[in-house]
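Some notes on the structure that comes next.
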């Protein structure tokens, strides 16, 4: 059973995102003193009493203006209301009631979702009730004075919120695989998310920088649940001003770290840019599983050999992700989109996979028999004594050798290829740690000294 949804509604700059951060116990929603920072609807998990739920942050509603993103923001708010168990209308207690609040209240009264009225910015306990009293005129029931910044009143608000949740079920859903959708601006990340979901889940616009928050969406396929994280397009640092885009890009990097698999979206028309290479390096550095998704394939003039030529060119530019599968899709038409989740399933398993020490040493023995470590100019040759997997996510194998410096970069890449050929590890980086005798002796000495203390 999906978690209950709580929609946070209100005009711009009343503190909706601050309230979301307070309810969800973090700082993932972007907070910045500029109307219109939140555009998509952003899902955050929260917990109160014995109930888990999702809080949906929406963009600031303005019904009297159709410029820029405002119609799209209204559409996102309507979609949030369609799946909500209860909505919270947030108003500004210091500014008082205004025409925008009245327009939103009139719209909410037409919805079939119960609404709670939260009067924010009531930092003063003495003045809070007086500030809230003005909002009885909205006709949405009792106004509740709160301070999103200090947390006062939010507990009483949550007590009211959970009263509207459906009855709790004992069965817990299987943990969802987290899949971050990463790429440069305007490569089709939000279009890909919408293709998975089958609705206008994220705002899609040809204007670069439309997505600013990292958005979590749960998708089910064949009994499996996936948490899809759409993120802001990542540009060069020198192109970014401090403000909403800066925070959004930081959220994107955090999304990479908290994901199981990253979908690196490449524009088929542009090919791999320097920024794509930097993103790929970040994915490999963070040890995330990865699938390279080449979007806009429908817009490419091609014949029977084009796909092979393009893949060869792309892989030459993304050589450090040579272990990542590559798929050519069109988010616009839906071509091959559903096949991505099959690749995600494989990557998740391989990323978390553990291999026994005996199997690892069989691979090492075969690799050495085919190609011995080269000797240096002094005639000294490297020896691999044994190996063992020390951790997963990503799989990390420690190789115990006589002297790590005897193993050049070429031989180390050869050993990694042998592990991949023999064991798979498709879609995940593989870490090899080369440890020599001196390192092990130093560690044993340190351990003995520690035990004596």
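The values are calculated or read from the model by the stated rules, or taken from the named source; none is laboratory data. Since we're looking at a predicted model, the values are computed, not measured. Neighbour counts are summed over all protein chains in view; Cβ atoms, including those assigned to glycine, are modelled from backbone coordinates with ideal geometry.
Taking the stated definitions as given, is residue 287 surrounded by fewer than 20 Cβ atoms within 10 Å (Cβ to Cβ), assigned to a loop (DSSP other than H, G, I, E, B) and under 22 Å from the mean Cα position of the chain (by Cα)?
For residue 287, the condition - surrounded by fewer than 20 Cβ atoms within 10 Å (Cβ to Cβ), assigned to a loop (DSSP other than H, G, I, E, B) and under 22 Å from the mean Cα position of the chain (by Cα) - is met.
Within the range 112-133, identify whether any single residue is at pLDDT 90 or above, surrounded by fewer than 19 Cβ atoms within 10 Å (Cβ to Cβ) and in contact with a helix residue (DSSP H, G or I) (Cβ under 6 Å, 6 or more places away or on another chain), and answer yes or no.
yes
Might you check whether a residue that is closer than 18 Å to residue 420 by Cα, in a strand (DSSP E or B) and touching a helix residue (DSSP H, G or I) at 6+ places or on another chain (Cβ under 7 Å) occurs anywhere in the range 349-359?
Scanning the range 349-359 turns up no residue that is closer than 18 Å to residue 420 by Cα, in a strand (DSSP E or B) and touching a helix residue (DSSP H, G or I) at 6+ places or on another chain (Cβ under 7 Å).
Could you figure out which of (1) in a helix (DSSP H, G or I); (2) over 18 Å from the mean Cα position of the chain (by Cα); (3) modelled with pLDDT of 65 or more isn't true of residue 279?
(2)
With the range 1-66 as the region, which strands (runs of 3 or more DSSP E) entirely inside it contain at least 2 residues that are assigned by TED's automatic domain parsing to the domain that holds residue 121, surrounded by fewer than 24 Cβ atoms within 10 Å (Cβ to Cβ) and modelled with pLDDT of 85 or more?
Working: elements: 5-9, 42-48, 51-57.
The strands (runs of 3 or more DSSP E) meeting that bar are 42-48, 51-57.
So if I check each of 171, 213, which one is outside the structural domain of residue 143 (by TED's automatic domain parsing), buried (at least 22 other Cβ atoms within 10 Å of the Cβ), modelled with pLDDT under 80 and farther than 24 Å from residue 328 by Cβ?
Residue meeting the stated conditions: 213.
Please work out if residue 310 is in a loop (DSSP other than H, G, I, E, B) and in contact (Cβ under 8 Å) with a residue 24 or more places away in the chain. It would help to see each step written out before you state the result.
Details: in a loop (DSSP other than H, G, I, E, B): no; in contact (Cβ under 8 Å) with a residue 24 or more places away in the chain: yes.
In short, no.
For the range 373-380, state whether one or more residues are in the same structural domain as residue 259 (by TED's automatic domain parsing), buried (at least 18 other Cβ atoms within 10 Å of the Cβ) and more than 17 Å from residue 431 (Cβ to Cβ).
Taking every residue of the range 373-380 in turn, none turns out to be in the same structural domain as residue 259 (by TED's automatic domain parsing), buried (at least 18 other Cβ atoms within 10 Å of the Cβ) and more than 17 Å from residue 431 (Cβ to Cβ).
Look at residue 334 and say whether it is out of contact with any helix residue (DSSP H, G or I) (no Cβ under 8 Å at 6 or more places or on another chain), surrounded by fewer than 17 Cβ atoms within 10 Å (Cβ to Cβ) and on the phi > 0 side of the Ramachandran plot.
The answer is no for residue 334.
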